[in-house]
1. Among 97-104, 707-714, what's the highest-first ranking by average C-beta atoms within 10 angstrom per residue?
2. When the Debye formula is applied to the Cα atoms of segment 609-663, each taken as the same point scatterer, what base-10 log of I(q)/I(0) results at q = 0.23, 0.27 Å⁻¹?
3. State whether segment 230-290 is rounded, prolate or oblate according to the following rule on the C-alpha gyration tensor (a ≥ b ≥ c being the square roots of its eigenvalues): a/c under 1.5 gives rounded; otherwise a/b larger than b/c gives prolate, and the remaining case gives oblate.
4. Counting Lys and Arg as +1 and Asp and Glu as -1, each charge on the Cβ, what is the dipole of segment 173-222 about the Cα centre in debye, to the nearest 20?
5. If the chain between Val419 and Ala457 were fully stretched, how many nm would it gain, using 0.36 nm times the residue separation less the Cα-Cα distance?
6. Short version: what are the Cα gyration tensor semi-axes of segment 530-676, square root of 5 times each eigenvalue, largest first, in whole Å?
7. Take the Cα pairs of segment 1-133, get the Kirkwood Rh, then feed it into Stokes-Einstein at 20 °C and 1.002 mPa s and tell me D in µm²/s.
8. Go ahead and estimate [θ] at 222 nm for the chain from helices alone: -39,500 (n - 2.57) per DSSP H run with n ≥ 4, summed, over the residue count, rounded to 500.
Amino acid sequence: MAGKIGVYFDLQNIGGGLDVEALAAQTRDKWGDLTAVVKVVPLLAEAVDEIRADIETQSLDGVLLCGASPRVDGDLYRFSVQVEHVNLREQCVLAYRNPDNSPVDSEEAPELLTLMARDYVNMGVVKLQKSEVPDSAAIKGVPRILVIGGGWTGLTAAAEAAATGYEVVLVEKAEKLGGAACNIPTGSPLGPLWTDKQPVNLAAKIEKVTGDKSITVHCNARMEKLEGQPGEFTAVIATSGGPVTVQVGAVVLATGWTPLDEKYLAPMGLGVSPMVVHAAQFGKMLAAGQVTARRIAFVLDTTLAEEAVRKAAEETAEAPAEAAKPAPEEGEAKPFVKEDLESIKHLQYSNAVNSVGMLRLANTICEKTDDATQAFILYKDMTVPGILERFYKKMQNRLGVMMTKADVTEIRDHGDRMVVACKNTLLGMDFDLDVDMVVVPTGLVPTTAKDVTVNFAYRQGPDFPDLDLFDGFADSNYICFPYETRRTGVYAAGCVRQPLTMDACEEDARGAVLKAVQCIEAAGHGVAVHPRSGDRSYPVFNFVRCTQCKRCTEECPFGALDDDEKGTPKPNPARCRRCGTCFGACPERVISFANYNIDQIGSMIREVQVPKDFKKEGPRILILACENDAYPALDMAGMRRKAWSPYCRVIPVRCLGSVNAIWVSDAMSKGFDGVMLLGCKYGDDYQCHFVKGSEICNRRKENIAETLNRLGVQPERVDQLEVAIDEYDKVPDLIDGFVARITALGPNPFKGM
Ligand code: SF4
Ligand code: SF4
């Protein structure tokens, strides 16, 4: 707890709107016992040495910086004591507008603005007072990386990890290394000039791995168990020689993909005619010299398959239950249902890989047959990532390869040949194409969708959770955190993360290895690896008051909490991402972080001066804003002078998942008229940095609403709203709309009690 604080006001950044000297004077008056120093400095950024000297001479144990947002120049203000920022620029002076939208007096600070600034400073002081310097939970950080999967990506990862000086253990389920790359002797371009096919040189890659003394390879092996936490995992590998136990610091998951079930491509002829194969099958046949066809259609348009599944699924859904057909006999195809619509999405996801793959296959077959083959590439969307565009351009001019955009409306068997019906082509006419063979796309389904790949010995189960949310991919947030899975310390790379071309798989392997290295180093220093990189805090449990209700263990999105033999939560600090969802869940409020806890935020809420006269002095609204997207969006809105109601007070939270219901009760008993929970989108297009925090908060909000109802308080006084970081322009309308709704409801019935 900070007991001797220095408070510094940044004149240059807030002086244009506020009477800063008066603000400093009120701080001295109110917090004289706690504040050893209260200063107005001309420019905070130039007062760093002065502050450092004050810390020394005055024995300060906390520093409160009142000026710009904590997101601005945070690195400048690293001191030996705790530091808190009061955001008086972006979310106070710049975001201020008069309630009636009249022009703001430039000579004298409006009273409402002064009240707002005072509230924020008082909240800042109490926040610092209730905060402690977190001690670290450093663990040994074993310098060894486990790579699961010995295909193209896994081999690259193993070699790259070894090159950084780490030991590597590589686990491959097949008898030999190489995976799907064994069937690809010649690849699309893997490097400059990016125009020509390239030998993949798999043998050299394998040799690099097997010849490296710091890499131990286990083929014919699978993961039996992974337990522990980042920095000190224990992996048990089932090998033909029996179980092998090894300590590792982090894991790279490179288990690749399996092909989408043939039944989804049956409307395109796959599994129906022997003249139809999917791209990966064709590659294998090509490598084995088994392709005899000389007129080949490569069909990238999968509308036929998608439409057939969609239609069948709709019919199944619409069929009345009593008219349901008898269950299919063994071997008989099951009717498509809603879930199949999810599976078929993998064809779309794999479009880039198939686009490049079909260019490569068409080129290779033409070469192998001395240009005696006619390859027709029929695409709806030719998706060629990045610089591979150069390869595409070259293929456009290649003899023997004909490409056109086309709607492929039918693929039918015509005795000794196939007919592909094409409409809306670039050639300006519709036509039927006679070919000897049809190649349809391969749907790359991540292995995680089908198999348990890691076998976690975690309380929350052996698999990655909620994979349906990610279409089976092991990633935890595509937008912000590539490679990170929902199990800290395990990083996905290659096609288990998303369908990727071979050059991209190599890049991915390097990225995942760097994350693994970062993770081991962070564990060794006792700090969070991501997304709050460098955070030394972690949740501490007061087990004396724990009722073993298990809400925390169930709601932790990252499986950081196990149970001990008595059913009490057993924390694994290095697995924890410091989101606070557990303490938001705990009904006994026994979980806290040294620098973020229930009492601290509750005290901040109680520090706001809520006027009794609603009509004259307006409502007061508490905004609990997620620090990941919502808080920066508020900052950006302020910076652009997109002002909002001056009746609001914003408190940042680590994630909406960390919002404990007691804060809402605190706000209501204090007399706040409404509470707005501002966080990330949830559901299918979720953007929550902690995966489910905003969704969990919404569920809790429903319970809060019930409680408010029972107390005779309108549940509409608490609402959760969504904002993405780039939606700052929506902020004023979101806030003002909520304030208008609360104003219409009138004062909180508890006001003044
Ligand atoms: S802070 Fe988040 S990641 Fe850590 S234990 Fe709690 S819920 Fe799990
Ligand atoms: S939520 Fe709180 S009371 Fe329940 S098990 Fe977790 S720590 Fe114990």
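Rule-based calculations on the coordinates, nothing more; no lab input. Here the structure is a predicted model, which is why all the values come from computation and not from measurement. So basically every Cβ, Gly included, is an ideal-geometry build from the backbone, and we count neighbours across all protein chains shown.
1. 707-714, 97-104
2. Each listed q maps to, in turn, -0.95, -1.05.
3. Judged from the Cα gyration tensor, segment 230-290 comes out prolate (a/c at least 1.5, a/b above b/c).
4. The calculation lands at about 180 debye.
5. Full extension from Val419 to Ala457 adds 8.4 nm.
6. 32, 19, 10
7. The calculation lands on 144 µm²/s.
8. -9500 deg cm²/dmol
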